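One structure below.
The values are calculated or read from the model by the stated rules, or taken from the named source; none is laboratory data. These numbers were taken from a predicted model, which means no experiment stands behind them. Cβ sites come from the backbone with ideal geometry, for glycine too, and all protein chains shown count toward neighbours. Just so you know, the surface numbers come from the protein's heavy atoms only, side chains and all, with ligands and any DNA or RNA stripped out. Shrake-Rupley method; radii C 1.70, N 1.55, O 1.52, S 1.80 Å.
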Amino acid sequence: MINGNLKATYGADERVLNNRNKQMFVFGSIILLALFPLFADDYSVLMACKMGILLIAVVGVNVLTGYTGLVSLGHGAFVAIGAYSTVIFSNLFSGLPTGILPFIVVPMAIAVSALTGIIVGLPSLRVKGLYLAVATLAASFIVKFLIEQDLFAPWTGGIVGIDTPVPSLLGWELDNKREMYVLITALALGTMLAAQNLFRTRVGRAFIAIRDRDYSAEILGISLLRYKLMSFAISAGYCGLSGALGAYFFARILPEQFGLDLSLELVAALIVGGMGRTLGPLFGVVVVMLVPELIKISMAAATGGSLELARYTGPVQEIVFGLLLVFFLLKEPLGINQITDRILRSANRWPFARG
């Protein structure tokens, strides 16, 4: 009995220390993000903005794949719908004051993406796994095909793309990357927090039950129709927000920006970071964005800036990235998030951890 009480007490202490370590890690990361624009150069701020935009979309994929267990290879289409809807609605409501226009346009773009997610998610009621992934992939190709058609060119610009509006929030015109960094970072952190709180609710628990065993969830009274489509809608809505921010961030959007590469990049970031974990998308996006940059810098240094040699070393990025994915799938399927948890737990054994 005494040993059991000691183990329970020690286990409770360990959980308290683990939570404290995680809180310190999160708070330290937020402080670093807040101070980042003060010492970073313009290129670093540009990369950070791209990471934030991609992060919001990966959080959306995590809702569907990580928490609900529905595989999708077509989420790049939802990002595209969010981006193009933002531009189209901005042009339609151009007569409104520019300061309030984003507050009208962005929610509408998110709603269109969510509605499209519901339509794309209908096959999930009959198929799952690889078949569902192929169905979402087909939907992605259809969306990209429609964007490029001459019939919709007056609204989408066709294959040549379309110019995007400059965002203005209540008179605050975000006309440089550092100002956009503030907005993108705040929204990225907000979406991660919203996703974490979602899975403390009845809806989130229903998603997890469907992921673990959908037939058992249905026996318990969980409507698969309702919650699967709801998961698709929320996930697509996140991607729509990501696309809306991308429309405001980039001076011009093109259909090729939202092809299969983007959908695979979203899934890859989730696998590397850790599916079904709050910080998994963050870790995955950092790796997915920084590894190609580091490889590019290394190859440029190795070749001495020679364009001729760079042509032959270009495929190295894809090879290294592919090997990285294979490594995580085989050796660390729970991603970098699991590695970070182990490091934070090991901090409890440091001499000062229990001080």
Protein chains only, probe 1.4 Å: how do Trp155, Trp172 rank by accessible area, largest first?
-> Trp155, Trp172
Charge-dipole axis of region 132-290 as Lys and Arg at +1 and Asp and Glu at -1 on Cβ define it, positive-most pick from Trp155, Gly237, Gly280 | Gly280
Could you check which residue among Pro255, Pro123, Pro154 shows the biggest mean-square fluctuation in a GNM of the chain with a 10 Å Cα cutoff?
-> Pro154
Estimated 222 nm signal from helices in the chain, with DSSP H stretches of n ≥ 4 weighted -39500 (n - 2.57), rounded to 500 | -24500 deg cm²/dmol
Calculated diffusion of the chain, Stokes-Einstein form, Kirkwood radius summed over Cα pairs, 10 °C and 1.306 mPa s, µm²/s = 73
Tilt of helix 101-121 relative to the longest C-alpha principal axis of the chain, in degrees (0 to 90, nearest 10)?
-> 70
Cross-chain or 8 or more residues apart, Cα under 25 Å: how many lysine pairs in the chain fit that? Count them up, please.
-> 9
Relative contact order (percent, whole number), region 40-349, Cα cutoff 8 Å, 6+ residue spacing | 31
Please work out the average accessible area per residue across the chain, using the 1.4 Å probe convention, and give it in Å².
-> 53
Of all trypsin sites (Lys or Arg not before Pro) in region 174-211, the ones in DSSP coil with at most 12 other Cβ atoms within 10 Å are Arg200
Test item: Cα-centred dipole of the chain, Lys/Arg +1 and Asp/Glu -1 on Cβ, debye | 1540
Could you work out which residue, out of Ile53, Ile319, Ile159, moves most in a Gaussian network model of the chain, that is, has the largest mean-square fluctuation with Cα springs under 10 Å?
-> Ile319
Just how large is the dipole of region 99-196 about the Cα centre, in debye to the nearest 20, putting +1 at every Lys and Arg Cβ and -1 at every Asp and Glu Cβ?
-> 500
Non-local amide H neighbours of Ile253 (under 5 Å, H modeled in plane, Pro and chain starts lacking H): which ones?
-> Ile162, Thr164
Checking Thr86, Thr340, Thr201 against a Gaussian network model of the chain (alpha-carbon springs below 10 Å), the top fluctuating residue turns out to be Thr201
